[in-house]
Amino acid sequence: VPREEGVTSVLTRILDLVQTREQEKYRVLIVEDSRVAAVVIQRTLAEHSIDSLVVADPGTLLDAVGSYRPDLILMDMYMPRFNGVEATRVLRQVSGYQALPIVYLSSESDIGMQVEALRLGGDQFLTKPFNPVVLAAVVRTKIERYRDALRSTRTDGLTGLLNHTASKARLKAMVESLPAHGNLCVAMLDIDHFKAINDTYGHPVGDQVIRNLAWLLKGRLRATDLIGRYGGEEFILALPDAPPERAHAVIERIRRDFAVLPHAHNEGTLYSTFSAGLACSLHYPTAAELTEAADHALLEAKRQGRNQVVA
Ligand code: GH3
Ligand code: MG
Ligand code: MG
Ligand code: MG
Ligand code: MG
């Protein structure tokens, strides 16, 4: 990685990190029909800086999970119109919620019932009245482990960027949450003649070129932009709220800077370039259309001689 990094960009990165930490406050969805119990649980979690939301109605559980995106569910067992074990079984069938920690918090003292509740999809059983210190500890450790697992399944090991699957999911979410007249531009980047770099300098040097491009992208794009490693030497970017001309200018600037970025190898330095294709949601409204159009533009950039951005 190039050595010179301005103080400002280091500070920006630290601020981003702090901000990310701030956004990542733990979120617990409390499924509980008793208002009194819910308040006590919420207060206990709040004392440990954990956010929570209470759901008492079975009809709103799936919506609440989708919009609140909890890191863990605290599930009561017996509710008037609602059975916690049945709700857990349903949740476990929804894609994306198979690994979401679900902890029962119930007055059920029958061991057989507790075991059955765990067998049908729960992760742990705590009984009421609960010990607040134990509850907070269970919630914290379960969430930490869950977040670590999510992070490693979403992240590309070489670059630390989102991997292919996570990039696609993130893009889809970004497109679907666009306001009515909002725009989002997608760029596909592919390193030029990368096979020749591997063949000439070896695979580890090729890896370093990929890492250097990832580093440049991270430094140049915003925290709200998507940066993903889409394939071997192919990257996907998504810039929300960028008019097409500005998105084009941003990618073009990165293209020029990458072309003069030196990459170290055994006998000196080498230079590399990439080609890019750009497409914006004003013309291609779905995530699938956007990636397809950006891919086509990328092919065109390759055809026209590489080291260029085609919109
Ligand atoms: P073009 O300009 O048309 O894109 O040519 P290219 O040589 O870059 O394209 P091609 O798709 O033929 O080659 C991509 C190469 O990238 C092939 C593959 O061995 C290499 N590659 C894929 N993943 C990695 C990786 O993680 N590390 C390294 N070092 N090489 C990789
Ligand atoms: Mg109850
Ligand atoms: Mg390629
Ligand atoms: Mg290539
Ligand atoms: Mg190729």
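Restricting attention to the stretch 218-268, which residues are within 16 Å of ligand 3 (Cβ to nearest atom), within 18 Å of the chain's Cα centre (by Cα) and not β-branched (V, I, T)?
Once the filter is applied, which keeps residues that are within 16 Å of ligand 3 (Cβ to nearest atom), within 18 Å of the chain's Cα centre (by Cα) and not β-branched (V, I, T), the stretch 218-268 yields G228, R229, Y230, G231, F235, L237.
Among residues belonging to the stretch 139-168 that are surrounded by 15 or more Cβ atoms within 10 Å (Cβ to Cβ) and without any contact (Cβ under 8 Å) to a residue 40 or more places away in the chain, point out the one that is farthest from G122 (Cα to Cα).
So, considering only residues that are surrounded by 15 or more Cβ atoms within 10 Å (Cβ to Cβ) and without any contact (Cβ under 8 Å) to a residue 40 or more places away in the chain, the one farthest from G122 (Cα to Cα) is T155.
Can you tell me which residues in the stretch 180-208 are within 11 Å of ligand 1 (Cβ to nearest atom) and over 15 Å from R306 (Cβ atoms)?
If the condition is that a residue be within 11 Å of ligand 1 (Cβ to nearest atom) and over 15 Å from R306 (Cβ atoms), then N198, D199, Y201, G202, H203, P204, V205, G206, D207, Q208 are the ones that fit.
Can you tell me which residue in the stretch 133-191 is nearest to ligand 4 (Cβ to nearest atom), limited to those that are more than 28 Å from E245 (Cβ to Cβ) and among the basic types (K, R)?
Among them, the one singled out is R154.
Restricting the search to the stretch 171-228, which residues are within 16 Å of ligand 5 (Cβ to nearest atom), surrounded by fewer than 21 Cβ atoms within 10 Å (Cβ to Cβ) and in contact (Cβ under 8 Å) with a residue 24 or more places away in the chain? Before the answer, list the steps.
Our first condition is that a residue be within 16 Å of ligand 5 (Cβ to nearest atom); within the stretch 171-228, this holds for 188-199, 206, 209-210, 213.
Okay, now just the ones that are also surrounded by fewer than 21 Cβ atoms within 10 Å (Cβ to Cβ), so 192-196, 198-199.
The answer is D192, H193, F194.
Name the residues in the stretch 95-129 that are free of Cβ contacts under 8 Å to residues at least 40 places away in the same chain, surrounded by fewer than 18 Cβ atoms within 10 Å (Cβ to Cβ), touching a Ser or Thr at 6+ places or on another chain (Cβ under 9 Å) and assigned to a loop (DSSP other than H, G, I, E, B), would you?
S107, S109, L120, P129
Do we find a residue being within 14 Å of ligand 4 (Cβ to nearest atom), small (G, A, S) and not in a helix (DSSP H, G or I) anywhere in the stretch 230-247?
yes
Rundown of residues vs (1) in contact with a Pro (Cβ under 7 Å, 6 or more places away or on another chain); (2) farther than 30 Å from E233 by Cα; (3) at pLDDT 95 or above; (4) among the hydroxyl-bearing types (S, T, Y), yes/no style:
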position: P58; (1), (2), (3), (4): no, yes, no, no
position: L74; (1), (2), (3), (4): no, yes, yes, no
position: N83; (1), (2), (3), (4): no, yes, no, no
position: Q93; (1), (2), (3), (4): no, yes, no, no
position: R119; (1), (2), (3), (4): no, yes, yes, no
position: G122; (1), (2), (3), (4): no, yes, yes, no
position: F125; (1), (2), (3), (4): no, yes, yes, no
position: S167; (1), (2), (3), (4): no, no, yes, yes
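Using beta carbons and a limit of 6 Å, which pairs, at least six apart or on different chains, have the first residue in the stretch 283-302 and farther than 15 Å from A238 by Cβ and the second one part of a loop (DSSP other than H, G, I, E, B)?
A301/Q308
Could you list all residues from the stretch 229-253 that are of a type outside the set (A, V, I, L, M) and free of Cβ contacts under 8 Å to residues at least 40 places away in the same chain? Lay out the reasoning, then the answer.
Going through the stretch 229-253, the residues of a type outside the set (A, V, I, L, M) turn out to be 229-235, 240-241, 243-246, 248, 252-253.
Selection gives G232, E245, R246, R253.
Looking only at the stretch 143-201, which residues are within 16 Å of ligand 3 (Cβ to nearest atom) and assigned to a helix (DSSP H, G or I)?
Looking only at the stretch 143-201, we keep the residues that are within 16 Å of ligand 3 (Cβ to nearest atom), and these are 156, 158-159, 161, 163-164, 167, 187-199.
Listed by number, the residues that qualify are H164, S167, F194, K195, A196, I197, N198, D199.
Are any residues in the stretch 257-311 closer than 18 Å to A214 by Cα, small (G, A, S), more than 16 Å from ligand 5 (Cβ to nearest atom) and touching a Phe, Trp or Tyr at 6+ places or on another chain (Cβ under 9 Å), and if so, which ones?
Selection gives A259 alone.
Yes or no: the stretch 34-52 includes at least one residue that is more than 24 Å from the chain's Cα centre (by Cα), more than 16 Å from ligand 1 (Cβ to nearest atom), among the aliphatic types (A, V, I, L, M) and at pLDDT below 95.
Our first condition is that a residue be more than 24 Å from the chain's Cα centre (by Cα); within the stretch 34-52, this holds for 34-48.
Applying the additional criterion that residues be more than 16 Å from ligand 1 (Cβ to nearest atom) yields 34-48.
From the residues that got through so far, the ones that are among the aliphatic types (A, V, I, L, M) too are 36-41, 45-46.
Retained after the next criterion (residues that are at pLDDT below 95): none.
There is no residue in the stretch 34-52 that is more than 24 Å from the chain's Cα centre (by Cα), more than 16 Å from ligand 1 (Cβ to nearest atom), among the aliphatic types (A, V, I, L, M) and at pLDDT below 95.
The values are calculated or read from the model by the stated rules, or taken from the named source; none is laboratory data. Since the model is a prediction, treat every value here as computed from it, not as a measurement. Methodologically, a virtual Cβ is constructed for each residue, glycine included, from the backbone with ideal geometry; neighbour enumeration extends over all protein chains shown.
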